[in-house]
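Have a look at the structure below before the remarks.
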Amino acid sequence: MEIKAIRGFNDILPDEIGKWQFVEKTAREVFEGFGFSEIRIPILEKTELFSRGIGEATDIVEKEMYTFIDRGGHSLTLRPEATASMARAYLEHQLYTFDPVAKLYCIGPMFRYERPQKGRYRQFYQIDAEVFGVENPMVDAEVIVMLIDFLKKVGIEKLELQINSLGCRICRPGYREELKKFLSNKSFQLCEDCQRRLQTNPLRIFDCKVESCQEAIANSPKVIDFICSECQKHFDQVKEYLEAGGLTYLLNPRMVRGLDYYTRTAFEVVSYQLGSQNAVTGGGRYDNLFQEIGGLEIPGIGFAIGMERLVLLLPKDREFVQTLHLFIAALGEGALKEAYRLLNELHLRGIRAEIDYEGKSLKSQMRRADKLKVPYVLILGEKEISRGKAVLRNMETKSQEEIAMGDLLNNLVDKI
Ligand code: AMP
């Protein structure tokens, strides 16, 4: 039986790859322009990095991780997100001894055992950017400005920046209690998972997709009304710096993000073109994550962009597919050898050329060239070669010209 890919794991085929390469290239250019450096981290980590970092009572850790015991008896997990790994690398290599501030980005696949649907997969790609070591709200605004700049540069419009503050270790417990109190006489409306969340982690009820849970929580107290004066000051400054950066935003008091490590600033960029999976990117501040995984008190802020969702939003009128420059149609054995020699030289000069290795009829080679959408075909016949000539056909205008074999390479390089 034919072996197929695993459900929720996608191939990204050559006719799609141009979009992905464009997005990655733009991310590198924009982020490096903002002083960020790339970091590459492993795909597998010790399970406890995520259970401690992301939080035991989150959807990711409770039911979405690809966790297994390796042959040495260690519990390992395919990374469901990159922030915890980046923080681990920063601590492990003591990057803070070089400079207290680290601005890092990373591009790669993440793994979550979610129900696959459009825009939601089990292996999906994220572009992550993180700043470690700065508590100042200026940097919250800086990463958001960078994010929006990137989204604009890839050509995405009609986006909405939503922000919220989730408070801190001091003020959030008070809010949790308020939320619990508010929901205590509505628990019959909650799904089984949320009844449990009500005890373990009531903020996670905001993330639940079940309608009755959303109804139960609709008029709940808002975290923003319970944050302490320090958090309020931080949030006010973030808004001020966002405005100074020329950005508009919408306050979304219901946005709590799905991971426990977030503190203070939380943000999402949503697109109304995407349907129900409308969050293209999300992020926030996480001033307690480092303590959870390593003990040091280091603040952090960052975001993760979902690449599949971003690629869906790219402008439709833009050409991302890399077509060939030239097809060489050789007729006869001697011509095919000459075509092969030319092909190598063209490749060495960076010209994307192709030949027909089987030496088929001119008609069938022209048909293939047409299908490959090449702008030029070089026709090499034995007769032409003996006269020291070749014919170059412009596939768009259908015009043909004879070129002398001696000048062929330079002539082609100039034209293409
Ligand atoms: P999160 O790490 O959950 O904050 O997600 C950040 C971004 O990653 C989201 O805004 C999505 O664009 C993307 N994302 C998260 N989960 C998935 C998934 N299962 N499939 C595709 N994209 C995802």
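None of the figures in this text is laboratory data; all of them are computed from the coordinates on show. Keep in mind the model is a prediction, meaning the values are calculated, not measured. Neighbour counts run over all protein chains shown; Cβ positions are idealised from the backbone, glycine included.
Annotation for region 1-52: GluC sites (Glu not before Pro) lying in DSSP loop with at most 14 further Cβ atoms inside 10 Å of their Cβ are GLU2. For the listed peptides 404-412, 329-337, a ranking on the average number of other beta carbons within 10 Å per residue, highest first, reads 329-337, 404-412. Shape analysis of the chain yields a ratio of the Cα radius of gyration to the Kirkwood radius, Rg/Rh, of 1.12. The trypsin sites (Lys or Arg not before Pro) of region 154-216 that meet both conditions, a loop assignment by DSSP and at most 13 other Cβ atoms within 10 Å of the site Cβ, are LYS158, ARG169, LYS209.
The chymotrypsin sites (Phe, Trp or Tyr not before Pro) of region 1-71 meeting both criteria, a DSSP state outside H, G, I, E and B (loop) and at most 15 other C-beta atoms within 10 angstrom of the site's C-beta, are PHE9. Volume per residue for region 269-353 equals 221 cubic angstrom (convex hull of Cα atoms).
Among residues other than TYR121 with Cβ under 13 Å from its Cβ, the summed charge is +3 (Lys and Arg +1, Asp and Glu -1). Placing unit charges on the Cβ atoms only, positive for Lys and Arg and negative for Asp and Glu, gives region 368-416 a dipole magnitude near 240 debye about its Cα centre. In terms of its C-alpha gyration tensor, region 130-220 comes out oblate, because a/c is 1.5 or above while a/b does not outweigh b/c.
As a proxy for reagent exposure, ranking CYS208, CYS213 by other Cβ atoms within 10 Å from fewest up yields CYS208, CYS213.
In summary, region 326-415 shows an alpha-carbon radius of gyration equal to 0.96 times the 2.2 N^0.38 Å reference for compact globular proteins. Assuming charge only on the beta carbon of Lys and Arg (+1) and of Asp and Glu (-1), the dipole of region 326-415 about its Cα centre is about 280 debye to the nearest 20.
Among residues other than VAL391 with Cβ under 12 Å from its Cβ, the summed charge is +1 (Lys and Arg +1, Asp and Glu -1). Remark: ASP193, ASP260, ASP225 ranked as ASP225, ASP193, ASP260, counting other beta-carbon atoms within 10 Å and listing the fewest first.
In degrees between 0 and 90, to the nearest 10, how far off the longest principal axis of the chain does helix 172-184 point, with axes built from Cα atoms? It works out to around 80 degrees. For GLN195 and THR397, the difference between the fully extended length at 0.36 nm per residue and the C-alpha to C-alpha distance is 65.8 nm.
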